[in-house]
1. With (1) part of a helix (DSSP H, G or I); (2) of a type outside the set (A, V, I, L, M, F, W, C); (3) buried (at least 17 other Cβ atoms within 10 Å of the Cβ); (4) at pLDDT 80 or above as the list, and THR534 as the residue in question, which single condition is left unmet?
2. Would a scan of the range 91-112 turn up a residue that is surrounded by 19 or more Cβ atoms within 10 Å (Cβ to Cβ), in contact with an Asp or Glu (Cβ under 9 Å, 6 or more places away or on another chain) and either in a loop (DSSP other than H, G, I, E, B) or on the phi > 0 side of the Ramachandran plot (or both)?
3. Between a first residue in the range 313-340 that is under 12 Å from ASN511 (Cβ atoms) and in a helix (DSSP H, G or I) and a second residue that is of a type in the set (Gly, Ala, Ser) and modelled with pLDDT of 90 or more, which pairs have beta carbons less than 6 Å apart while being 6 or more apart in sequence or on different chains?
4. In the range 91-124, how many residues are within 25 Å of THR31 (Cβ to Cβ), out of contact with any Gly (no Cβ under 8 Å at 6 or more places or on another chain) and free of Cβ contacts under 8 Å to residues at least 40 places away in the same chain?
5. Quick check: anything in the range 287-294 assigned to a strand (DSSP E or B), at pLDDT below 90 and within 15 Å of the chain's Cα centre (by Cα)?
6. Within the range 53-86, can you find the residues that are of a type in the set (Val, Ile, Thr) and surrounded by 13 or more Cβ atoms within 10 Å (Cβ to Cβ)?
7. Does at least one position in the range 65-77 carry a residue that is of a type in the set (Gly, Ala, Ser), under 36 Å from the mean Cα position of the chain (by Cα) and modelled with pLDDT under 80?
8. Quick one: which strands (runs of 3 or more DSSP E) lie wholly within the range 370-468 and hold at least 2 residues that are assigned by TED's automatic domain parsing to the domain that holds GLU514 and of a type in the set (Lys, Arg)?
Amino acid sequence: MTIRSMRPVAHDETLLARLFVSLETAVLERTDRIDTFSLRGTAPAWWVRIFGSITSTAAIRPGERSPFLKQFFAEAEQNWTQNADGISRSGPWTERDQQGQVLHLEATALVVDSRQLLLVARLGADFEQTRETLQRAREQALRHTEATKSHARAESRLTTRLSKSEGLRDDLLGVLQELGLATILTDGQGQITFVSDEAARLLGLSPDVRGAIWEQVPSCSRKDRDAIRTRLRRPPAERQDPLTLRLETDNPRWLDMTVSQHPLQGEKRILFFHDTTEVHDLRRLLDEKARFHDLVGSSPSMVQVYQLVRDVARVDATVLIEGETGTGKELIARAIHLSSARKHGPFIAANCAGLTDSLLGSQLFGHKRGAFTGAVSDQAGLFESADGGTVFLDEIGDIPLNVQTSLLRVLQEKEITRLGESKPRKMNVRVLAATHHHLSEDVVRGTFRADLLYRIRVARIQLPPLRDRRDDIPLLASAFLGQIRATMGKGVDQISPEALRLLLTYTWPGNVRELKSAIEFAAISCKGQRIGMTDLPPEISQSQPGAHAPTIVPFGGHDERTQLLRALDHVGGNRSEAAKLLGVSRATLYRRLADHHIDIPR
């Protein structure tokens, strides 16, 4: 849509205003300041839910409510001040209204008749379309499963019919053609004696293929040919599962091949083929929809997290990633880095828990030779090493107060000073931080600086615990099993329905990290190709739905002393085990025990 003028006649302005309202778009005109606007026409209903009710004469400063929009104003300033004919677009971002509902918005800055305009539109169809695509894919996959069962029944009927026949070749071939199955018959030497019309179509074979050695005929890889040869030599009882082949033709296809013994002549083989190309395409589509960088999940909460990652990756603001231990906070940080303009720069992660003040300060900011005992040479810190890239500060809630002061200056001044030096050094890094603490409560207790909290919490992402997104457990378990199969070389490729049911009902106090460990344990214990209930760790295999050992997560809050005592009581006073149960380092546990004056005899 091209806007030629915003003031033709009163009737046209009224019509244009109604049009923008129907398109759920707010039209604002910039006044004398970069971040001050006035409304043109009527504000859409969603605008009121986010920014409050306004009049056409009121001054509006939407950047105070939306940090993302404020950042966009700076990008659009050149377009506005030069009265350029171009259009600046922000790209999609998300906001929450007063009821907590997530809205997807996009802003456009332009100049019309020397009037500096801002259009803010609501986007609403993208996620719905994605969910509909996934639903259609699942439904098609289910239909394919039913079709596969139907083929299996047809094969069973065929084998029964052949066993009752008198071995007349013409009858056998007529039955195969009548059923419309893709079938090939071979003799005892593996030479093709019959090819059904459907098999010739699927495999692209010509009528003169009869007499050729079967495994040399299809256009597939050497690995697939070797698998075919091995399958044909196995006893009938050991070749029940389908063998998946990939035809390397101009139009690549996937086929499932099953091998049956001839009912009357045991040395001969009957090969059945089913075209599974559509299923593989659907699986690929589902996998793409369920993955975002190294993150796995398609639940609504994870889809929302993916969108937040895209939003914050567009700007260079500091981000605080919150969530329980084991939810994947570092993976989120890496996804932000790889989605941002800094993706070609370094990504350096530092775990702030468990280090002393001097070691943490030296690790972050570097040191000069002789700055402390053991400093035998000059050493650059993580901030210097990450120049042009991203620094990820994991467990930032465990940073000692004196290091917090230095870190605050780094974030404010964009420069660091090595330990033992007085001259600051400029830096160009983006800072991402993560914690499982409630930092607002730490501020009240005096263990975390309020000004540092406000500096790192420019944008925030809250990761849901695994128990709140159980729909993702099958996807995660399958992804972990694939990784383990590749690294261990074991042929474990399935999880039984009974074992999956236990995985879905377990409470997962260790979240995704615990799930990965459980799948590794089960793959090592499994003696076959399918993980069963008894292969899972005891705490899972012996658990009842909803009945799990005392879980103390998330750690922190007004009842922290009670949590500490419960954890110590549960592990018999063992401090190392209590720290593991609470998901914190031993150093953090000791500080918390001292804060609450809890003394456990050694």
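The values are calculated or read from the model by the stated rules, or taken from the named source; none is laboratory data. This structure is a prediction, so every number in the text was calculated from the model and none was measured. A quick note on method: Cβ atoms are made from the backbone with ideal geometry, for glycine too, and the neighbour counts reach across all protein chains shown.
1. Every condition holds for THR534 apart from (3).
2. No, the range 91-112 contains no residue that is surrounded by 19 or more Cβ atoms within 10 Å (Cβ to Cβ), in contact with an Asp or Glu (Cβ under 9 Å, 6 or more places away or on another chain) and either in a loop (DSSP other than H, G, I, E, B) or on the phi > 0 side of the Ramachandran plot (or both).
3. If the second residue must be of a type in the set (Gly, Ala, Ser) and modelled with pLDDT of 90 or more, the pairs left are LYS329/GLY323; LYS329/ALA434.
4. 6
5. In the first step, residues of the range 287-294 are kept if they are assigned to a strand (DSSP E or B); the result is 291-292.
Going one step further and asking which of them are at pLDDT below 90, we end up with 291-292.
Keeping just the survivors that are within 15 Å of the chain's Cα centre (by Cα) gives 291-292.
Checking the range 287-294: at least one residue is assigned to a strand (DSSP E or B), at pLDDT below 90 and within 15 Å of the chain's Cα centre (by Cα).
6. Residues of the range 53-86 of a type in the set (Val, Ile, Thr): 54-55, 57, 60, 81.
Passing the criteria: ILE54, ILE60.
7. yes
8. none
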